[in-house]
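The values are calculated or read from the model by the stated rules, or taken from the named source; none is laboratory data. Please read these numbers as outputs of a predicted model, since none were measured by experiment. Cβ placement follows ideal geometry from the backbone for every residue including glycine, while neighbour counts extend to all protein chains displayed.
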Amino acid sequence: MKQEINTINSISQLHQVFGFDKPTHPLISIVDVSKWEIPEHFIGVKYTSELYTIGLKDKSCGLQYGRNTYDFDEGVLIFTAPNQVQSVSKSQKLDEIQGWMLFFHPDLIRNNSLGNNIDNYGFFSYDVHEALHLSDLEQKTITDCKSMIQNEISERIDNHSQTVISSSLELLLNLSKRYYERQFNTRSSQNSDVVSQFHTILSSYYKDGKFTESGIPSVEYFSEKIYLSGNYLSDLLKKETGYSIKDHINNFIIEKAKTLLLCETESINGIAYSLGFNYPHYFSRLFKNKTGLTPQEYRSQN
């Protein structure tokens, strides 16, 4: 029997479910993890929420996220977006873990610049094992941003509160984006291995005839092979090579198409099908966008 997934729709409901005091703001809340007791009966219960979450924890804390279970052994920053299934894998006593969890509802940022740009922070869709590992100074800076927000929601709300809270939250996310870039840089040798692995998988997919059989590979296809989330893998490739997963796939297709156009007597429609396109005009559009020529023009001129 499929286990029921519980849904948390609001900050108030979050506080009620986990036994916190009544929130001081309807759209954002910060919880002291040391005061968060998780009893045995919460273990394995699946839940999803309509809230964004940012969490800083200092040591091992069992968390199951999607298909992965992970225990943190040092201070890390975790991000989750709305509608992602999570569950707790072990109980937690008072003062067992140090840190904080920040929750906010999309309505908090819906009518400002952060709301327009929230999708640019891809780390909200990273897997748990791709969490951000912070230096002591970075951790202090992030915590200072959290404290600014906490001061705002603890004091009496006024006409400026929404702007200050959103601006502080945006600063926290921009700093996290910077620190993730640092993390990519400090793991450059590991990242190079991932880039090489990605290209090997892409080449094998073509050699095995899967473009023709199954179509153009998806981001999920590579993320499952490499054991990284799609967003993290795409961001890693972008940082290392300047190109996203989609860019790499399209560039690969164009190079194969050039060879086929010059070396084969296959029709352009046939080449499009062999490269995974169900509709040849999509292939022609991509080819012209990348080369400035239609496939027929390229074949004629070469």
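The number of residues in region 285-302 being in contact (Cβ under 8 Å) with a residue 12 or more places away in the chain and surrounded by fewer than 18 Cβ atoms within 10 Å (Cβ to Cβ) comes to 5. Checking each residue in region 186-231 for being in contact (Cβ under 8 Å) with a residue 60 or more places away in the chain, in a helix (DSSP H, G or I) and surrounded by fewer than 14 Cβ atoms within 10 Å (Cβ to Cβ) picks out THR212, SER214.
Okay, residues lined up against (1) hydrophobic (A, V, I, L, M, F, W, C); (2) touching a Gly at 6+ places or on another chain (Cβ under 7 Å); (3) at positive phi; (4) in a helix (DSSP H, G or I):
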| position | (1), (2), (3), (4) |
| --- | --- |
| ARG110 | no, no, no, no |
| PHE124 | yes, no, no, yes |
| HIS129 | no, no, no, yes |
| GLU138 | no, no, no, yes |
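Within region 142-155, residues that are farther than 18 Å from LEU56 by Cα reach partners that are among the small types (Gly, Ala, Ser) with beta carbons closer than 7 Å, at six or more positions or on different chains, in the pairs GLU152/SER161. Among the residues of region 12-37, those that are out of contact with any Cys (no Cβ under 9 Å at 6 or more places or on another chain), not in a loop (DSSP other than H, G, I, E, B) and not charged (D, E, K, R) comprise SER12, GLN13, LEU14, HIS15, GLN16, VAL17, PHE18, ILE28, SER29, ILE30, VAL31, SER34. Only one of the numbered conditions (1) crowded, with 20+ Cβ neighbours inside 10 Å; (2) in a loop (DSSP other than H, G, I, E, B) is not met by LEU94, and that is (1). Against the test of being in contact with a helix residue (DSSP H, G or I) (Cβ under 7 Å, 6 or more places away or on another chain), charged (D, E, K, R) and either over 30 Å from LYS146 (Cβ atoms) or modelled with pLDDT of 90 or more (or both), the options GLU240, GLU224, GLU255 yield a single qualifying residue, GLU240.
The residue of region 135-172 that is surrounded by the most Cβ atoms within 10 Å (Cβ to Cβ), among those that are in contact with a Cys (Cβ under 9 Å, 6 or more places away or on another chain) and within 22 Å of LYS239 (Cβ to Cβ), is LEU172. Among the residues making up region 21-40, those that are of a type outside the set (A, V, I, L, M), farther than 24 Å from ASP158 by Cα and crowded, with 16+ Cβ neighbours inside 10 Å are SER34, TRP36. The number of residues in region 265-302 that are closer than 20 Å to TYR205 by Cβ and either outside the structural domain of PRO217 (by TED's automatic domain parsing) or outside any helix (DSSP H, G or I) (or both) comes to 5. Among the residues making up region 173-200, those that are in contact with a strand residue (DSSP E or B) (Cβ under 7 Å, 6 or more places away or on another chain), modelled with pLDDT of 90 or more and not small (Gly, Ala, Ser) are TYR179, TYR180. On inspection, ASN159 fails the criterion of being at pLDDT 90 or above, in the same structural domain as PHE79 (by TED's automatic domain parsing) and not β-branched (Val, Ile, Thr). Is there any pair linking a residue in region 243-268 that is in contact (Cβ under 8 Å) with a residue 40 or more places away in the chain to one that is outside any helix (DSSP H, G or I) and among the hydroxyl-bearing types (Ser, Thr, Tyr), with Cβ under 8 Å and at least six apart or on different chains, and which? Every condition considered, no pair remains.
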